[in-house]
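Colleague: I have a structure I would like to understand better, so I am pasting it below and will then ask my questions one at a time.
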Amino acid sequence: MAAVNLPRALRDGVLGAVVAAALALPMLGFRLVDSSQALTLGFRFDWVLWAALVVGIGRFLLSLSRDALPGRLPALALPNWGERFPKARLYLGWGLAGFAIVLPFLPFADRSLVDKATLVLIYVMLGWGLNIVVGLAGLLDLGFVAFYAVGAYSYALLATKLDLSFWLCLPLAGLFAAGFGVALGFPVLRLRGDYLAIVTLGFGEIVRVILQNWQDFTNGPAGISAIPRPTLFGLTFTANAPAGKTTFADYFGLEFSGDHRVIFLYFIILALALFTNLFTLRIRRLPIGRAWEALREDEIACRSLGLNPTTIKLSAFATGAMFAGFAGSFFATRQGFISPESFTFIESAVILAIVVLGGMGSQIGVVLAALLLVGLPEWFRELQQYRMLAFGGAMVLIMLWKPSGLLSHRAPTIRLGKEKAA
Amino acid sequence: MSPTPLLQVEHVTMRFGGLFAVNDLSFTARPRQITAIIGPNGAGKTTLFNCITGFYKPQVGRITLHQDQGPVYLERLDDFDIAKKARVGRTFQNIRLFARMSVLENLIVAQHNALMRASVFSLAGLLGLARYSKAEKLGTDKARYWLNKVGLLHLADEDAGSLPYGSQRRLEIARAMCIDPLLLCLDEPAAGLNPRESQELNTLLTGIRDEHGIGLLLIEHDMSVVMGISDWVVVLDYGRKIAAGNPAEIRADEAVIRAYLGEPDEAEA
Ligand SMILES: Nc1ncnc2c1ncn2[C@@H]1O[C@H](COP(=O)(O)OP(=O)(O)OP(=O)(O)O)[C@@H](O)[C@H]1O
Ligand SMILES: [Mg+2]
C-alpha cells in the first residue's frame, strides 16, 4: 500500500472547504427573516461554517484513504438477471401486469393507494413513450413534457369549448401531440446528442411559455378548470346524474361511492399504459422499430443501407409524442384542472430520469424506475423536500454502478437460434 | 470484357477548401468485374467512395450508374437514395456496424425498404397480418444465406459489436449485400485481417462477382488481394489518376512504382 500522502490530503481538504463555503454562502448563508414589519435579510454564519467544515474534513479523510480504496467502485455484483433467466423478464412482466389489474380489489387497496398507483402509471406511460424516442431511436429529448402539455390542453380545450367527450378527444389529443412531435422533429433533424437536448429543452419551455401567455386561448397562468370527467359508455361517476344521463352506481344498482371514479380512472390509465407497452414491444420487431434502433447505433450506416433518417427520426418523435398526448389528456381528465404549472422542465427531467434509470430501451426497467422515482416519494410525503436530493443521489449511484440502467440487457428482436431449435 | 460500363466516373473533383482530395478523375468500372482503387494514404480513395455513395457532393463532374432501366446520375441523389434506388452498397474503412444489435438484426435492417413495402410501412405488421411474417421469413432466409457465405451463421444471435475484428468486416460485407446491390464498394476490407482471413476474403469477393454478377469497387492496400482478384486497377495519387490497367500492367508501371508500390518484390507480398 502506498504511503499516506498528507500534503495532498491537506490541500484537497482545504480546497474542498473553500468550494463548500463559496457554495454555502449564497445557498445556506442568506435567509429572509420576517420581522413583523418587513422582510429583512438574515445571515447564518454558523451554517456556512459547518458546511465548509464537514466537506473539508470529509474530503481530507477521503483523500487520505484514497490509496487504500480500490481505484474505482467495483461494478455492483448484481447478476445480469435478464441474461441468466431469459424467461424471467417475461414472467415478471406478466406478473406485474396481473398484479396491476387486481390491485384495486385487494383488501389493502384504499382510495389513496389506487390514486397513487394511477399517478405512477401516468409516469410509466410517459416513460414508455419517451423510451421510444430516447431508448430506441437514441434521440435525447429534454422537452418531452411539451407533448404531454399539448395532449392535456387538447382535451381540456376540446372538452370545455366544444363539449366533445373524452373518448373522442383521446385519439385527437394523441394526433395533435404527434403533429407537434413532427413540428419539433423538422428543425432538429440534423442535430444529435447535446445539441438536440438543448433545442428540445428550449422547445419544451416555448410550449409552456405560450400556454402561460396566450390568455385568450389557454386562459394563461390561471389554467383551465372544470374539465369534464370521462364516462363509461355514457354512465357518469357522479352522485347525481346530470340531465339525460345515468350514473354508474344507479345503473348497476350500487351504493354511490367516490371510489368508483378513482378505480375507473385507474383502469383507464392502466389500459393506456398496457397499450403503449404492447405497441412498443410489437413495433420493436417491425422494420420501423428496428430502423429506430439502427439509427441510434449508427446514422451513417443507416444511410448507406438506404434508410432515410428524416422519416425515421420524425416517426420516432411522432410516436413518442402521441403517447405523451394520450397521457396528457388522461392527466387533464383526472385532475379536472390544468395550468402551465404542471408542465415545467422538471417533469421532463423526471421522465428522462425514469428512462435512464430503468435502462434505456427496457420496458420493465421503466416500471421499476417509475415506482422508485414517483411511487416512493408519494408514500413518504413528509420527505417531499428531499425528493430532488434522493433523485440526484440515485442517479449518481446508478451511473457509478450500472451505467446502462437497472435493467439493460437487450434481447434480439429476431433469432435464428430459436428457429433452429424449433 | 463486357461492352457497357456499370459505373462511369467523369471529371469528378472534390475540394476541401484549397485541397483537391479528388482532382478531375475519370474512370469506368464494368459489371461482373472487380475494379481496385489503390494509392498511397491520403490519395483520395475514401473521398471518391463518399462521392459515389452520395456522402459528399463533388463540385465538378458526373457519376453515372448504368442500370438495365437506363442511367442513374448518382451525384444528383441523396446518399440513402443511392443505396435504395441506384442500389449501390458500401462498407466503411472504420467498420460501422449496429454494434448493440444482433448479427441477424444487422442484416434485417439492411432489408428495411423491402420489408417496409411488405409491411405497408409497418402497419400490416402492427396488426399482425400474415403478409408481414412471410416477408420477414424471406428476409431471414436471405440473411441466413449471406451469413452462411461469410461463415457467421453460428454467431447470428450474438451482438455485432462482440464479434472479432475479421468477422465484423465480413459481416459488414454481408450486410451491404442484403440491399441487393448492383455495385458494391468496399473500403479496405482486408485491413487488419490475417493471411488466412485475407485468403477467405478473396474467395468471398470473387464469389460475389462470379455467382451474383455484381460489380465491385475495391479500395485496398493489401497487394495480395489486389493483384490476386482484381480485373482492373485504378491508381490514385494526390487525387489524380496516375495509371489504370490490368494487374500485370500496373505492377510494371514506372509511375505507380515510384508513387506507391516501391520496390517490385515488395509488391509481391
Ligand atoms: N471531410 C473532409 N474535410 C477535409 N479534408 C478531407 C475530408 N475528407 C478527406 N479529406 C482530405 O482529403 C484527402 C484524401 O483523403 P481520403 O480519406 O480520401 O484518403 P484515402 O486515399 O482514403 O487515404 P487512406 O488510404 O489513408 O484511407 C486527405 O488529405 C484528407 O485529409
Ligand atoms: Mg481511406
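The values are calculated or read from the model by the stated rules, or taken from the named source; none is laboratory data. Just so it is clear, the model here is predicted, and its values are computed rather than measured. All Cβ positions, glycine included, derive from the backbone under ideal geometry; neighbour counts span all protein chains shown. To get the accessible areas, we keep the full protein, side chains included, count just its heavy atoms, and leave off ligands, DNA and RNA. Shrake-Rupley method; radii C 1.70, N 1.55, O 1.52, S 1.80 Å.
Colleague: Using a/c under 1.5 as the rounded threshold, could you call the protein assembly as shown rounded, prolate or oblate? The axes a ≥ b ≥ c are square roots of the C-alpha gyration tensor eigenvalues, and prolate needs a/b larger than b/c, oblate otherwise. Kindly include the intermediate steps, with their values, before the conclusion.
Modeller: Values: a/c = 2.23, a/b = 1.61, b/c = 1.39.
In terms of gyration-tensor shape, prolate.
Colleague: Give a residue-ordered list of calculated ³J(HN,Hα) values for the stretch A:201-216 (Karplus: 6.51 cos²θ - 1.76 cosθ + 1.60, θ = phi - 60°; whole Hz; x for Gly, Pro).
Modeller: Listing the rounded values in order: 4, x, 4, x, 5, 4, 4, 5, 5, 5, 4, 6, 9, 7, 3, 4 Hz.
Colleague: Further question on the same structure: If you count only protein heavy atoms and use a 1.4 Å probe, how large is the accessible surface of A:M360, to the nearest 10 Å²?
Modeller: Result for A:M360: roughly 90 Å² accessible.
Colleague: Now, a different point. Amide H neighbours of A:F30 under 5 Å, at least 5 residues apart or on other chains, H built in the peptide plane: list them.
Modeller: A:R44
Colleague: Summing Lys, Arg as +1 and Asp, Glu as -1, what charge do residues with Cβ under 14 Å from the Cβ of A:A146 carry, A:A146 excluded?
Modeller: On the way: positive: A:R208; negative: A:D141, A:E205, A:E347.
With Lys, Arg at +1 and Asp, Glu at -1, the net is -2.
Colleague: Could you order A:Y155, B:Y165 by accessible surface area, starting with the largest, using a probe radius of 1.4 Å?
Modeller: Values: A:Y155 0, B:Y165 110 Å².
From most accessible down to least: B:Y165, A:Y155.
Colleague: Could you work out how far apart the two model spin labels at B:S133 and A:F108 are, taking each label as a point 7 Å from the Cα in the direction of the beta carbon, and quote it in nm?
Modeller: 4.2
Colleague: Determine ³J(HN,Hα), in whole Hz, for all residues of the stretch A:316-324 in sequence, where each value follows from phi through the Karplus function 6.51 cos²θ - 1.76 cosθ + 1.60 and θ = phi - 60°; x replaces Gly and Pro.
Modeller: Using θ = phi - 60°, the values come out as 5, 4, 5, 5, x, 5, 4, 5, 5 Hz.
Colleague: If you average the C-alpha positions of the stretch A:1-53 and of the stretch A:351-404 separately, how far apart do those two centres end up, in angstrom?
Modeller: A separation of 29 Å, based on Cα centres.
Colleague: Turning to a different aspect of this structure: Pop the C-beta distance of A:I101 and A:W214 into the FRET formula with R0 = 51 Å and round what comes out to the nearest 0.05. Before the final figure, lay out the partial values.
Modeller: On the way: r = 40 Å, r/R0 = 0.79.
Approximately 0.80, to the nearest 0.05.
Colleague: Testing the spin-label approximation: label points 7 Å from Cα along Cα→Cβ at A:Q384 and B:T4. State their distance in nm.
Modeller: 7.6
Colleague: I've got another one for you. Karplus couplings for the stretch B:182-196 from phi (6.51 cos²θ - 1.76 cosθ + 1.60, θ = phi - 60°), rounded to Hz, Gly and Pro as x?
Modeller: 8, 10, 10, 9, 10, 9, 6, x, 8, 4, x, 8, 7, x, 5
Colleague: Over chain B, what is the percentage of antiparallel beta bridges among all DSSP beta bridges, to the nearest 5?
Modeller: Around 60 percent of the beta bridges assigned by DSSP in chain B are antiparallel ones.
Colleague: Given Cα pairs under 8 Å that are at least 6 residues apart, what percent is the relative contact order of chain A?
Modeller: Numbers: 593 pairs, mean separation 101.0, N = 422.
Across chain A, relative contact order equals 24 percent.
Colleague: Also, quick follow-up: Residues of the stretch A:263-304 with amide nitrogen under 15 Å from the 7 Å Cα-to-Cβ point of B:D141?
Modeller: Within reach of a label on B:D141: no residues.
Colleague: Give me the percent of DSSP beta bridges within the protein assembly as shown that run antiparallel, rounded to the nearest 5.
Modeller: 60
Colleague: For the protein assembly as shown, what % of the accessible area comes from carbon and sulfur atoms, probe 1.4 Å? Let's see the in-between values first.
Modeller: On the way: 20540 of 32640 Å².
After summing per-atom areas, the C and S share lands at 63 percent.
Colleague: How much net charge surrounds A:G289 when only other residues with a Cβ under 14 Å from its Cβ are counted (Lys, Arg +1; Asp, Glu -1)? Please report the intermediate quantities before stating the final value.
Modeller: Working: positive: A:R282, A:R284, A:R285, A:R290, A:R296, A:K313, A:R410; negative: A:E293, A:E297, B:E105, B:E136.
Local net charge: +3.
Colleague: Related question: Counting only residues 5 or more places away or on other chains, whose amide H sits under 5 Å from the amide H of B:I37 once H atoms are built in the peptide plane?
Modeller: Excluding prolines and chain starts, which carry no amide H, the hits are B:L218, B:I219, B:E220, B:V234.
Colleague: Over the stretch A:6-68, what is the relative contact order in percent, taking alpha-carbon pairs closer than 8 angstrom and at least six residues apart?
Modeller: Working: 77 pairs, mean separation 31.3, N = 63.
Over the stretch A:6-68, the number comes to 50 percent.
Colleague: Moving on to the next point. Rolling a 1.4 angstrom probe over the protein heavy atoms, how many square angstrom per residue are accessible across the protein assembly as shown? Intermediate results must be reported in sequence, preceding the final value.
Modeller: Details: 32640 Å² over 691 residues.
Dividing the accessible area of the protein assembly as shown by its residue count gives 47 Å².
Colleague: What is the set of long-range amide H partners of A:T246 at a cut-off below 5 Å, with H atoms built 1.01 Å from backbone N?
Modeller: Under 5 Å from the amide H of A:T246 lie the amide H atoms of A:T236, each far enough along the sequence or on another chain.
Colleague: Here is a follow-up. Remind me, relative contact order of chain B in percent, using alpha carbon pairs under 8 angstrom and six or more residues apart? Don't jump to the answer; show the numbers that get you there.
Modeller: Values: 502 pairs, mean separation 69.9, N = 269.
Over chain B, the number comes to 26 percent.
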